[in-house]
Amino acid sequence: MAGTDLRQFYLRYIGALNAHEISRMDEFINDETTLNGEPGTRDQVIAVLNDALDAVPDFHWEPRETAVDGDRLAARLTNTGTPVKEWLGVAPTGASFEIVEYAIYQVRDGRFVHMTALHDAETLRRQLGA
């Protein structure tokens, strides 16, 4: 997948996430993948996404920068939302968050085969009043 195509693929993925169209993840994530360095499956990634959206129904990902190198894409995003249930060990307080996420992906045959994401958990907890 060429660099421009990979960026467009990624933006479609983010669009599906922001529309909470988790049923579309088979378009983007390989059956077997790695998530943060651990072997897993698309269903496990979907479970993580569903847990996040259940706890933070207005979760929004906003890509700020992307870089492509061959079959790999790196992104810096701003994540926002307001938890309504306990999430990442923090009870809901009515407070919202706005944090930075860094993500790295590898794509093969048109789907993510490696997915790594790192977000600013300390800022998240502070903003949520933990």
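The values are calculated or read from the model by the stated rules, or taken from the named source; none is laboratory data. This structure is a prediction, so every number in the text was calculated from the model and none was measured. Cβ sites come from the backbone with ideal geometry, for glycine too, and all protein chains shown count toward neighbours.
Among the residues making up the range 33-61, those that are of a type outside the set (Asp, Glu) and either on the phi > 0 side of the Ramachandran plot or free of Cβ contacts under 8 Å to residues at least 12 places away in the same chain (or both) are ASN36, GLY37, PRO39, GLY40, THR41, GLN44, ALA47. Taken together, the criteria exclude GLU101 from residues that are assigned to a strand (DSSP E or B), farther than 19 Å from ASP120 by Cα and not hydroxyl-bearing (Ser, Thr, Tyr).
Residue by residue, here is whether (1) exposed (fewer than 13 other Cβ atoms within 10 Å of the Cβ); (2) within 18 Å of ARG125 (Cα to Cα); (3) of a type outside the set (A, V, I, L, M, F, W, C); (4) out of contact with any strand residue (DSSP E or B) (no Cβ under 9 Å at 6 or more places or on another chain) holds:
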site	(1), (2), (3), (4)
SER23	yes, no, yes, yes
PRO39	yes, no, yes, no
GLN44	no, no, yes, no
VAL48	no, no, no, no
ALA55	no, yes, no, no
VAL84	no, yes, no, yes
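For ASN18, the conditions (1) modelled with pLDDT of 95 or more; (2) crowded, with 16+ Cβ neighbours inside 10 Å all hold with the exception of (2).
Yes/no per residue for (1) farther than 17 Å from LEU17 by Cα; (2) among the hydrophobic types (A, V, I, L, M, F, W, C); (3) in contact with a helix residue (DSSP H, G or I) (Cβ under 6 Å, 6 or more places away or on another chain); (4) surrounded by 13 or more Cβ atoms within 10 Å (Cβ to Cβ):
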| position | (1), (2), (3), (4) |
| --- | --- |
| ASP51 | no, no, no, yes |
| PHE59 | no, yes, yes, yes |
| ARG64 | no, no, no, no |
| ASP71 | yes, no, no, yes |
| ALA75 | no, yes, no, yes |
| THR80 | no, no, no, yes |
| GLY89 | yes, no, no, no |
| THR93 | yes, no, no, no |
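Being closer than 20 Å to GLN44 by Cβ, loosely packed, with under 14 Cβ neighbours inside 10 Å and in contact with a Ser or Thr (Cβ under 7 Å, 6 or more places away or on another chain) is the filter here; which residues of the range 100-130 pass it? None - no residue of the range 100-130 is closer than 20 Å to GLN44 by Cβ, loosely packed, with under 14 Cβ neighbours inside 10 Å and in contact with a Ser or Thr (Cβ under 7 Å, 6 or more places away or on another chain), so the list stays empty. Filtered by the rule that a residue be modelled with pLDDT of 95 or more and among the aliphatic types (A, V, I, L, M), the range 21-44 gives ILE22, MET25, ILE29.
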